[in-house]
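Everything below concerns the one structure shown next.
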Amino acid sequence: MPQSLSKVYVHIIFSTKLRKPFITKDIQNELYSYIAGTLINLKSDVLKINGIKDHIHILCTLPRTITIAKLLEEIIFEMDKNKRI
C-alpha cells in the first residue's frame with residue numbers, strides 16, 4: 001500500500017509586548033526549555049530555539065496531526081499559562 005511521507009519545517013517568531021526587552025539571560029534557558037517541552041508534547045521535532053531580548057525564533061517541524069494555527073495556539077496558551085517565566 002502506498003504511503004506519503006512529508007516533513008514540514010516551520011519558522012516561528014514571537015515578539016515581546018511592545019518589543020520591550022523582557023527576555024533576560026536569567027530566564028532565557030528556562031523559557032526555551034519550556035517552549036521545547038510544549039513542542040515535544042505536541043509531537044513536533046524542535047531543531048532550534050533562540051532569540052534576543054525582544055523576540056524568539058523557533059525552528060520546528062509541523063506534526064501531521066495538527067494545523068499550524070493549532071501549533072501556535074498551543075505554544076501561546078502554554079506560555080500564557082506559565083507567566084512566571
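The values are calculated or read from the model by the stated rules, or taken from the named source; none is laboratory data. Fair warning: this is a prediction, and the values are worked out from it, not measured in the lab. As a convention, Cβ positions derive from the backbone with ideal geometry for all residues, glycine included, and neighbour counts pool all protein chains shown.
Out of the residues in the stretch 1-31 meeting the condition of being of a type in the set (Ser, Thr, Tyr) and within 21 Å of residue 48 (Cβ to Cβ), tell me which one is modelled with the highest pLDDT. Full working, then the answer.
Step one: of the stretch 1-31, the residues of a type in the set (Ser, Thr, Tyr) are 4, 6, 9, 15-16, 24.
Add one more test, that the residue is within 21 Å of residue 48 (Cβ to Cβ), and what stays is 6, 9, 15-16, 24.
Numbers: 6: 85, 9: 98, 15: 93, 16: 89, 24: 92.
Filtering the stretch 1-31 for residues that are of a type in the set (Ser, Thr, Tyr) and within 21 Å of residue 48 (Cβ to Cβ), the one modelled with the highest pLDDT comes out as 9.
Of everything in the stretch 19-64 that's part of a helix (DSSP H, G or I) and either of a type in the set (Gly, Ala, Ser) or closer than 20 Å to residue 8 by Cβ (or both), which residue is farthest from the chain's Cα centre (by Cα)? Give the derivation first.
Keep residues of the stretch 19-64 that are part of a helix (DSSP H, G or I), which gives 19, 25-41.
Retained after the next criterion (residues that are either of a type in the set (Gly, Ala, Ser) or closer than 20 Å to residue 8 by Cβ (or both)): 33, 35-41.
Values: 33: 10, 35: 5, 36: 6, 37: 9, 38: 7, 39: 6, 40: 10, 41: 11 Å.
It comes out as 41.
Got a number for residues in the stretch 1-38 being under 16 Å from residue 75 (Cβ atoms), surrounded by 13 or more Cβ atoms within 10 Å (Cβ to Cβ) and of a type outside the set (S, T, N, Q)?
Count: 9.
Which of the residues spanning the stretch 39-85 are without any contact (Cβ under 8 Å) to a residue 12 or more places away in the chain and surrounded by 13 or more Cβ atoms within 10 Å (Cβ to Cβ)?
Within the stretch 39-85, just 70 meets the criteria.
Take the conditions modelled with pLDDT under 95, among the aliphatic types (A, V, I, L, M) and under 12 Å from the mean Cα position of the chain (by Cα) and apply them to residue 76. Does it pass? Even if it seems obvious, please write down each step before you answer.
Details: modelled with pLDDT under 95: yes; among the aliphatic types (A, V, I, L, M): yes; under 12 Å from the mean Cα position of the chain (by Cα): yes.
Yes, satisfied.
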